[in-house]
Amino acid sequence: MTSSEPREINLDEIKGILESGDFKDFIDVRENSHFEAKQKKPYDFSNTPQFVSVSKLATDIGSIANNDEAFIICGLTTTKPLNSSHDIVSGLELFPESEFYTDTQIQGIIKSSIFPKLKVELTWYPSKDDKSLGLGVIFIPKQEEEKKYFIVSVCEADGQQFKGFVGIPVRNDDTLRWFKPQEVYEQMRKLPTSHQVMFQTISNQLEQISEKISVMDTSTPLMPDILQERIEEALDEQ
């Protein structure tokens, strides 16, 4: 059990604790949108069915990427007090760097199970009390908004394995939820169509040409404006 009231923590505080190596400062901290505490081997690709761990990893990373930047810190034990709905760090389970995941391993799983492509940063931080032991960290940086939402294509539920499905997980505080079918459909409708993308690309090019022409001779009629009107009319007829 934790020794005191749960504490909130922000990104800068997490970075500070990791860099200092004084990991006891994680004790009594509760999980939130930027902090997820895991045991030292939360994704065991050797001793459990690999599909289960792949699904778990993809869901954790995808849900964070669809929300904001966050740390998944491996090597912490947690508990959920009766008076709390949040997991709270209760202890340390430090381990040597050789037991942490490799960048190639994690990036390979992400590439095959999350779309569009995203990258994460893996770092092992040594303890100030024993440099041979430490915490493994998977940091999911803030993603480009135009890439959202990230789709997870593997899932394990009730013992069943699903491959090639479309699921959008989102992390809110320390809670995971999946988009409902209607929400997935609505997000798809918001995506630009091929005609819109074509028009925007041509429009940007014409704008650049117009600027060059106006610099060369301000008395020259700007033909790109006329062409742009014709393009807009053609797209309206689609």
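Of the residues making up region 160-183, those that are part of a strand (DSSP E or B) and of a type in the set (A, V, I, L, M, F, W, C) are F162, F165, V166, V170, L176, W178.
If only one of P42, P116 is of a type outside the set (V, I, T), within 20 Å of E156 (Cβ to Cβ) and in contact with a helix residue (DSSP H, G or I) (Cβ under 8 Å, 6 or more places away or on another chain), which one is it?
P42
Checking each residue of region 128-144 against the condition of being in contact with an Asp or Glu (Cβ under 7 Å, 6 or more places away or on another chain), farther than 12 Å from N66 by Cβ and assigned to a loop (DSSP other than H, G, I, E, B) gives at least one match.
Does L76 fit the bill of being at pLDDT below 95 and either farther than 28 Å from Q161 by Cα or touching a helix residue (DSSP H, G or I) at 6+ places or on another chain (Cβ under 8 Å) (or both)? Here the answer is no, as L76 does not meet what is asked.
For region 40-95, residues that are part of a strand (DSSP E or B) and either free of Cβ contacts under 8 Å to residues at least 60 places away in the same chain or not assigned by TED's automatic domain parsing to the domain that holds Q161 (or both) total 4.
Just need a number here: residues in region 12-39 that are within 21 Å of F179 (Cα to Cα) and in a loop (DSSP other than H, G, I, E, B). Give the steps one after another, and end with the answer.
Keep residues of region 12-39 that are within 21 Å of F179 (Cα to Cα), which gives 32-34, 36.
So of that shortlist, the ones also in a loop (DSSP other than H, G, I, E, B) come out as 33-34.
Residues that pass the stated criteria total 2.
The values are calculated or read from the model by the stated rules, or taken from the named source; none is laboratory data. Given the structure is predicted, the values throughout are model-derived calculations rather than measurements. Every residue, glycine as well, gets a Cβ built from its backbone with ideal geometry; the counts of neighbours run over all protein chains shown.
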